[in-house]
Amino acid sequence: MKFNNILSETSNNITTITINRPRKLNALNKETIQELHIAFKHAEENTNTKVIIITGSGEKAFVAGADISEFVDFSVSEAENLALEGQTLLFDFIAHLSTPVIAAINGFALGGGLELAMAAHFRVACDQAKMGLPEVSLGVIPGYGGTQRLPELVGKGRAMEMIMTAGMIDASTALNYGLVNHITTQEELLPLAQKIASKIIRNSSVAISSAIIAINAGYKDGQNGYEVEVSQFGKCFETADFHEGTTAFLEKRKANFKGE
Ligand code: COA
């Protein structure tokens, strides 16, 4: 499929989606959000894809935020719609995919860029990366889930400080905060994400999707994560992967999961 603002390619069961507007520091305009939705949906539906990596093109930016030029003269209802549509089409959509999503943060991840990385299931970053939610410096607040996901990931006090100061943190601070799981060099960033992906791929993809549902449930209002865990745990017992995984263990051989 041909996109104007992103690249998507699949090899070794990993689909890598790259936001490709380097001259605009990969800022998320409306078209890019729509293209990302389509690319993520295709990857989720592609039985060859076991892990998705999202990254930015070039060495400067992952994503420098929502495209400011598109919303400067929006009304209140247009702004609400922008945030709601973005959350539905992309940010919540990614967070609830059953295929694991790793964000490989290759540079600035600001505003909507950090929100995109936070919607992924976990993050790795290069040592040059800078992360922040600078919206209040523009007279607005994060609208793509940042006020919710940042406190979940780094704690309320740190999120309050990052959002109120509109400042950027460097990669080692992000590692220390638990915002990213690993940091490495720019050259090693994608290889590291691929190495983690290859460990994930060895496991049962149906069990992984149950784990994502259970983990996400704990962060959702009105859901009891423990109850969801019980029902997802039970569901695993009727899968071919569970039969294969336990049989392979008892037969002292490597499991050959079909993802069923
Ligand atoms: N929306 C639209 N365009 C953006 C953008 C954004 N969020 N971030 C960067 N760009 C564009 C710049 O306008 C510039 O375009 P131009 O060359 O046509 O003028 C180009 O990307 C390069 O950015 P520039 O600011 O010249 O690079 P820099 O190295 O001086 O600064 C940043 C890098 C990331 C510090 C700076 O671009 C920045 O602060 N961006 C906005 C971050 C932000 O507030 N994001 C939250 C949005 S809600």
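A few remarks follow.
- Taken together, Asp67, Asp73 contain a single residue that is within 16 Å of the ligand (Cβ to nearest atom), farther than 23 Å from Val124 by Cβ and in contact with a Leu (Cβ under 9 Å, 6 or more places away or on another chain), which is Asp67.
- Of residues in region 156-172 being among the small types (Gly, Ala, Ser) and open to solvent by 30 Å² or more (accessible area, probe 1.4 Å), the one nearest to Lys130 (Cα to Cα): Ser172
- Cβ-Cβ distances below 6 Å connect the following pairs, each with a first residue in region 139-166 that is in a helix (DSSP H, G or I), a second residue that is small (Gly, Ala, Ser), and a separation of six or more residues or different chains: Leu150/Ala159; Pro151/Ala159.
- No other residue among Val180, Val206 is under 17 Å from Ala95 (Cα atoms) and in contact with a Ser or Thr (Cβ under 8 Å, 6 or more places away or on another chain) apart from Val206.
- Residue match in region 23-46 (condition: more than 17 Å from Met118 (Cβ to Cβ), part of a loop (DSSP other than H, G, I, E, B) and either away from the ligand (no atom under 16 Å from the Cβ) or not assigned by TED's automatic domain parsing to the domain that holds Thr184 (or both)): yes
- Residues (within 16 Å of the ligand (Cβ to nearest atom) and either under 15 Å from the mean Cα position of the chain (by Cα) or not assigned by TED's automatic domain parsing to the domain that holds Met168 (or both)) located in region 13-22: Ile19
- Exactly one residue out of Glu187, Glu229, Glu238 is acidic (Asp, Glu) and either within 27 Å of Ile105 (Cβ to Cβ) or in the same structural domain as Asn13 (by TED's automatic domain parsing) (or both), and it is Glu187.
- Residues within region 9-29 that are more than 18 Å from Ala109 (Cα to Cα) and buried (at least 17 other Cβ atoms within 10 Å of the Cβ), tallied: 2
- Residue list for region 47-58, restricted to those being away from the ligand (no atom under 12 Å from the Cβ), part of a loop (DSSP other than H, G, I, E, B) and in contact with a helix residue (DSSP H, G or I) (Cβ under 7 Å, 6 or more places away or on another chain): Thr49, Lys50, Ser57
- Residue in region 133-148 that is open to solvent by less than 40 Å² (accessible area, probe 1.4 Å) and among the hydrophobic types (A, V, I, L, M, F, W, C) present: yes
The values are calculated or read from the model by the stated rules, or taken from the named source; none is laboratory data. Given the structure is predicted, the values throughout are model-derived calculations rather than measurements. Backbone-built Cβ (ideal geometry, glycine too); neighbour counts: all protein chains shown. The accessibility values were calculated without ligands, DNA or RNA, using every heavy atom of the protein model including side chains. Shrake-Rupley method; radii C 1.70, N 1.55, O 1.52, S 1.80 Å.
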